[in-house]
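Peer 1: Questions regarding the structure given below will be posed in turn.
The values are calculated or read from the model by the stated rules, or taken from the named source; none is laboratory data. Being a predicted model, the structure only gives us computed values, none of them experimental. Please note: Cβ atoms are built from the backbone with ideal geometry, for glycine as well, and neighbour counts cover all protein chains shown.
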Amino acid sequence: MIPIRQPCNAQLSRLQRHSRKHPMATQDTTCSIAPYFQIPSANRTAFQQLCERFVEKTQSEPKCLYYGFSFSGDIAHCREAYTDAEGLLAHLEHVADLLNEALQIADLIRLEIHGSEAELAKLRGPLADFRPQFFVLEYGFRR
């Protein structure tokens with residue numbers, strides 16, 4: 001086992017000063033949305049067909065950074081991110097008909113929204129009916 005050396009107080013202080021001077025994470029406008037759906041086994045094939053339609057329709061969205069569905073048993077997760085809050089809202093408007101179809105055959109059991117506070121502020125009102133959990137980006141970097 002490799003021992004992990006804990007940083008001393010001086011190192012922590014230097015890192016904290018650095019992060020305050022360089023608020024990189026708060027400059028990132030990317031917003032990701034993470035919906036989780038519980039799919040009754042009788043509806044799995046129909047839900048998978050909807051996934052194909054979601055992907056096809058979303059491919060034309062210029063602010064979409066990535067988009068895809070993954071599965072664990074009877075739970076489906078849509079992994080998706082947008083350049084900013086406006087891109088996320090445009091996507092939801094663009095796929096509203098498909099989302100309504102999905103919600104007829106599966107339950108939305110969890111919804112996470114990740115982004116900077118400035119971008120999340122633009123989403124809190126429009127997404128309130130979905131009752132999402134908002135995660136504020138505080139540390140990180142973008143390539």
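Peer 1: Given (1) of a type outside the set (Asp, Glu); (2) more than 16 Å from Leu123 (Cβ to Cβ); (3) surrounded by 14 or more Cβ atoms within 10 Å (Cβ to Cβ); (4) out of contact with any Cys (no Cβ under 9 Å at 6 or more places or on another chain), identify the lone condition not met by Phe54.
Peer 2: Here Phe54 clears every test but (4).
Peer 1: For segment 120-131, state whether one or more residues are on the phi < 0 side of the Ramachandran plot, aromatic (Phe, Trp, Tyr) and not in a helix (DSSP H, G or I).
Peer 2: no
Peer 1: So, one more: Evaluate segment 78-88: report whether one residue or more is surrounded by fewer than 16 Cβ atoms within 10 Å (Cβ to Cβ) and in contact with a strand residue (DSSP E or B) (Cβ under 6 Å, 6 or more places away or on another chain).
Peer 2: Taking every residue of segment 78-88 in turn, at least one turns out to be surrounded by fewer than 16 Cβ atoms within 10 Å (Cβ to Cβ) and in contact with a strand residue (DSSP E or B) (Cβ under 6 Å, 6 or more places away or on another chain).
Peer 1: Here's another thing I want to ask about it. Provide a single number: the residues in segment 89-109 that are surrounded by fewer than 15 Cβ atoms within 10 Å (Cβ to Cβ) and either among the β-branched types (Val, Ile, Thr) or in contact (Cβ under 8 Å) with a residue 12 or more places away in the chain (or both).
Peer 2: Qualifying residue count for the region: 2.
Peer 1: Checking Asp28 against (1) closer than 20 Å to Ser116 by Cβ; (2) at pLDDT 95 or above, only one condition comes out false. Which one?
Peer 2: (2)
Peer 1: Checking the conditions here, which among Leu111, Leu127, Leu88, Leu98 is aliphatic (A, V, I, L, M) and more than 16 Å from Cys31 (Cα to Cα)?
Peer 2: Leu98
Peer 1: Of all residues in segment 94-119 being in a loop (DSSP other than H, G, I, E, B) and among the small types (Gly, Ala, Ser), which is nearest to Glu56 (Cα to Cα)?
Peer 2: Ala106
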